[in-house]
1. HN-Hα J couplings of the stretch 32-47 from phi, Karplus 6.51/-1.76/1.60, θ = phi - 60°, integer Hz, Gly and Pro as x?
2. By the scheme Lys and Arg +1, Asp and Glu -1, what is the net charge of all other residues having a beta-carbon under 9 Å from that of E246?
3. What ³J(HN,Hα) values, in whole Hz, does the Karplus curve 6.51 cos²θ - 1.76 cosθ + 1.60 give for the stretch 61-73 when θ = phi - 60°, with x put for Gly and Pro?
4. Within a Cβ distance under 13 Å of R66, other residues only, what is the Lys/Arg minus Asp/Glu net charge?
5. Enumerate the amide H contacts of D230 below 5 Å, restricted to partners 5 or more residues apart or on another chain; note that Pro and chain-start residues carry no placed amide H.
6. Taking the Cβ of V209 as the centre, find all other residues whose Cβ is under 12 Å away and add up their charges (Lys, Arg: +1; Asp, Glu: -1).
7. Can you tell me the length gained on complete extension of the stretch E249 to V180, counting 0.36 nm per residue apart and subtracting the Cα distance?
8. Can you work out the Karplus-derived ³J(HN,Hα) for every residue in the stretch 250-259? Use 6.51 cos²θ - 1.76 cosθ + 1.60 with θ = phi - 60°, whole Hz, and x for glycine or proline.
Amino acid sequence: MNAPANAAATVTALIADDEPLLAQALQAELAAVWPALHVRAVAANGRQALEQLVASPVDIAFLDIRMPGLTGLEVGQRIAATWADSAPARALVPAPLIVFVTAYGEFALEAFESAAVDYLIKPVTRARLQACVARLVQRLDERRAASQGAQLQSLAELGERLRALAGPQAAPAPPAYLSVIRAGVGDLVRMIPVAQVVLLEAADKYVLVHTDDGEALIRESLRELRDRLDPARFVQIHRSAIVNLEAVEVARRDDHGKTVLELRGVEVRPVVSRQFAAMFKAM
């Protein structure tokens, strides 16, 4: 049995699972029961999933409950909080619908269902996945007809249910993201508050840090630095550039159809790669 007829329009998704074979199996089953679904990305852990969902939002996120870095529950909480906190900028890009993928026993299923669109038990069966797809199609239709206010209320309720589900003792401490970047300038070390960072660009073995009042070089790879920055604020827009979302003033398409950003306090106009351009369509 295939997806319902009203699912014909292309829908995008992300799968997050630290077990590659299970992620591949779910992607293959989804392709069989929902051909119109485009799995845009497969994340290997919770942090990677959060970064990709913030940078390039999708319609649906299939989140494994137990993942290194951030659990599926924690990713769901942060997605709800990120969209609620930046509602004006994301008004035209709804938060992903969440489906939890879990190996938990029957005792937890009702709780999972109350905090997401649906849940799937590993190993995922074809019949159960078909039922999940039908439910997702219905929820997508309902979301298209809902007002922005109703969507924000739904996000707030989702965040509350996820926090309750995790429980006060199960909730981990927030990750210790960088608050200051140390940059060497001659014999001195310049302490740059992360809040002042506008743009980070890879430059050979260094990273060029653009701030409101100047530039500095640090000897660290862009990838290493990215993993220590808050993904709700700093997003990768190109393989060699990371931008502070709070510093983006304008996103415009040039004559070649590329998305170019105008940033606070700097003359550099970084180009967004096609992979990440969807994030700026609503700005």
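Quick note: the coordinates plus some simple rules give every number you see, no bench work behind them. It should be emphasised that the depicted structure is a prediction, and the values quoted were computed from it without experimental measurement. Cβ coordinates were reconstructed from backbone atoms using ideal geometry, including for glycine residues, and neighbour counts include every protein chain displayed.
1. Taking θ as phi minus 60°, the curve returns 6, 9, 9, x, 6, 6, 10, 7, 6, 8, 10, 9, 8, 7, x, 5 Hz for the stretch 32-47.
2. Numbers: positive: R233, R264; negative: none.
Value of the local net charge: +2.
3. Going residue by residue, I get 10, 8, 10, 5, 5, 9, 9, x, x, 10, 6, x, 4 Hz, with x marking Gly and Pro.
4. Taking every Cβ under 13 Å from that of R66, the sum is -4.
5. Counting only residues 5 or more places away or on other chains, the set is L178.
6. Details: positive: R182, R190, R219; negative: E201, D212, D213, E215, E220.
Net local charge, V209 excluded: -2.
7. The E249-V180 span can extend by a further 22.5 nm.
8. Here the 3J(HN,Hα) series is 9, 10, 10, 8, 8, 5, 9, x, 8, 8 Hz.
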